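Scroll down for the structure; my scribbles are underneath it.
The values are calculated or read from the model by the stated rules, or taken from the named source; none is laboratory data. Bear in mind that the values here come from a model prediction, so they are computed numbers and not experimental data. All Cβ positions, glycine included, derive from the backbone under ideal geometry; neighbour counts span all protein chains shown. Note: areas computed on protein heavy atoms with side chains; ligands, DNA, RNA excluded. Shrake-Rupley method; radii C 1.70, N 1.55, O 1.52, S 1.80 Å.
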Amino acid sequence: MNNSVAKTYNRKNVSFSHGKGVYLYTTNGDTYMDLAAGIAVNILGHSNEKLVEALKAQAEKLWHVSNLYNIEEQQKLAEKLTSSSFADKVFFCNSGAEAVECTIKAARRYHFTKGNTEKNKIITFKGSFHGRTLGTIAAANNSSHLEGFGLPLEGFVNIERNNVNELRSSIDDNIAAILIEPIQGEGGINTFTKNFIGEVNDIAKKNDILILFDEVQCGMGRTGRLFAHEWFGVNPDVMALAKGLGGGFPIGACLMTDAVANALGPGTHGSTFGGNPLASSVGNCVMDIVNNNSFLADVEEKGKIFNTKLNKLKDGSNLISEIRGLGLMIGIQFSIDSSIVANKLFEKKLLTVGAGDNVIRLLPPLNITESEIDAVIDILKITLKEIQTNG
Ligand SMILES: *Cc1c(COP(=O)(O)O)cnc(C)c1O
């Protein structure tokens, strides 16, 4: 396609005209199964009727007003997020990177207002992804994302995941916070251990260090709990959300305890679009559907079914080395180049997302059905067999 769009993405040559549920339809009549879901964004599938209705109803009333005024829909969404989490306050923005930026700024500002101006370093972990702003690429410390963009922002200490000794030896008086992506998405569906998160919590509490969770990808019901950290039994002080929160409408959120939020007074932080009426209305509708025990139990159950079937595939094939993940955040690690498999799956009209560690991610809409899961398994089975016999 002749193209004026910047080439920051290696795009597949396919254009979708519409979608419904887990299916996407191309301009030339092909049907794809979408297990990428816009990278964990379309958590209720494409063209969800309730979301469409919420967006349309709001569009006819009011699109945007400044955060200089009360925004009722935004207040409602903040209320829903705080009443179902550790948090007391929410700052709204438009994307994951902005939400993580807010966690970093909030943590530093918290210590600043306590007079600890030198307590501003943040521990981060190898394999994490936090976005593409100058702050978040410095935080994640992925060399391929930093290359060519000048001096990385200072103040991050990047260590191994799940390494208690390295964590302990990295603690000093200047550590303000520990930033964790509880299940690393881009990094290859790498899960922090419950034991390690418990250690993080102990160390943080003893040293007045804040815990920041980046749940941009693993939050919003993806793992079968509203928030992934519920599995670890540890609450953060600040949490970043985005991706699934708007079900496809751009919105991000930074959830904070009062102790942290009090450090972000008027004029300290802001966003023109953050939590505007359109985004908030859709967010409210997403929360109403996802923050429901039977919906979440269903996600957990379907995650188990998917996992069992994938493990059966793994046992019957030497191409798969590991099945990873929690709930419907699934990683398949291959013993051959995973991009070869991803390309074959694409030819068979199954959309997946690559990740680090030679992993292919399956991030279906959370309302995928069992028969749709079976259809995915069938495509995987046929594809593996073809690769096995033809190379
Ligand atoms: C996608 C992602 C981000 C960045 O979100 P954007 O909306 O692309 O800025 C941050 N953290 C995690 C864990 C993500 O998966």
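Quick look at the values:
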{"quantity": "Loop-located trypsin sites (Lys or Arg not before Pro) in region 286-391 whose Cβ has at most 16 other Cβ within 10 Å (DSSP)", "calculated": "348, 349"}
{"quantity": "In order through region 96-109: 3J(HN,Hα) via Karplus (6.51 cos²θ - 1.76 cosθ + 1.60), integer Hz, x for Gly, Pro", "calculated": "x, 4, 5, 5, 5, 3, 5, 4, 5, 5, 4, 5, 5, 5"}
{"quantity": "Accessible area of the chain divided out per residue, in Å², using a probe of 1.4 angstrom", "calculated": "46"}
{"quantity": "Alpha-carbon centroids, region 1-67 and region 116-182: separation in whole Å", "calculated": "33"}
{"quantity": "Loop GluC sites (Glu not before Pro), region 74-139 (other Cβ atoms within 10 Å of the site Cβ: 16 or fewer; DSSP)", "calculated": "118"}
{"quantity": "Region 163-183 residues near the modelled residue 202 label - backbone nitrogen below 16 Å, point 7 Å along Cα→Cβ", "calculated": "163-171"}
{"quantity": "Region 2-157 - charge dipole about Cα centre, Lys and Arg +1 at Cβ, Asp and Glu -1, debye rounded to 20", "calculated": "360"}
{"quantity": "Dipole moment magnitude, nearest 20 debye, region 47-114 about Cα centre, only Lys, Arg, Asp, Glu C-beta charged", "calculated": "380"}
{"quantity": "Convex hull volume of region 275-391 per residue (C-alpha atoms, cubic angstrom)", "calculated": "118"}
{"quantity": "The chain: most fluctuating residue of 332, 289, 183 per GNM, C-alpha cutoff 10 Å", "calculated": "289"}
{"quantity": "From the C-alpha gyration tensor of region 77-143, square roots of 5λ in Å", "calculated": "22, 18, 10"}
{"quantity": "Gain upon complete extension [residue 194, residue 39; 0.36 nm per residue less C-alpha separation]", "calculated": "53.3 nm"}
{"quantity": "Two-site label geometry, residue 371 and residue 318: point separation in nm, points 7 Å out along Cα→Cβ", "calculated": "3.8"}
{"quantity": "Kirkwood hydrodynamic radius of the chain, Cα pairs, Å", "calculated": "21.7"}
{"quantity": "DSSP-defined beta bridges in the chain - what % are antiparallel, rounded to 5", "calculated": "65"}
{"quantity": "Distance (nanometres) between label positions extended 7 Å along Cα→Cβ at residue 18 and residue 335", "calculated": "4.5"}
{"quantity": "Extension gain, residue 7 back to residue 116 (0.36 nm per residue minus Cα-Cα distance, nm)", "calculated": "34.9 nm"}
{"quantity": "Farthest positive-ward along the chain dipole, Cα basis, beta-carbon charges - from 55, 165, 9", "calculated": "9"}
{"quantity": "In Hz, Karplus ³J(HN,Hα) per residue of region 347-356 (6.51, -1.76, 1.60; θ = phi - 60°; x = Gly, Pro)", "calculated": "4, 8, 6, 10, 8, 10, 10, x, 8, x"}
{"quantity": "Length released on extending from residue 56 to residue 262, taking residue separation times 0.36 nm less the Cα-Cα span", "calculated": "70.6 nm"}
{"quantity": "Relative contact order [Cα under 8 Å, 6+ residues apart], the chain, whole percent", "calculated": "23"}
{"quantity": "Cα shape, region 1-133, gyration tensor, a/c 1.5 rule", "calculated": "oblate"}
{"quantity": "Size of electric dipole in the chain: Cβ of Lys, Arg +1 and of Asp, Glu -1, about Cα centre, debye, nearest 20", "calculated": "420"}
{"quantity": "Listed residue (334, 318, 351) projecting farthest to the positive dipole end of region 315-359, Cβ model", "calculated": "351"}
{"quantity": "Phi-based couplings in Hz for region 301-318 (Karplus 6.51, -1.76, 1.60; Gly and Pro marked x)", "calculated": "4, 5, x, 5, 4, 4, 4, 4, 5, 5, 5, 5, 4, 4, 5, x, 9, 8"}
{"quantity": "Region 78-225: equivalent-ellipsoid semi-axes (sqrt of 5 x gyration tensor eigenvalues, Cα, Å)", "calculated": "20, 19, 18"}
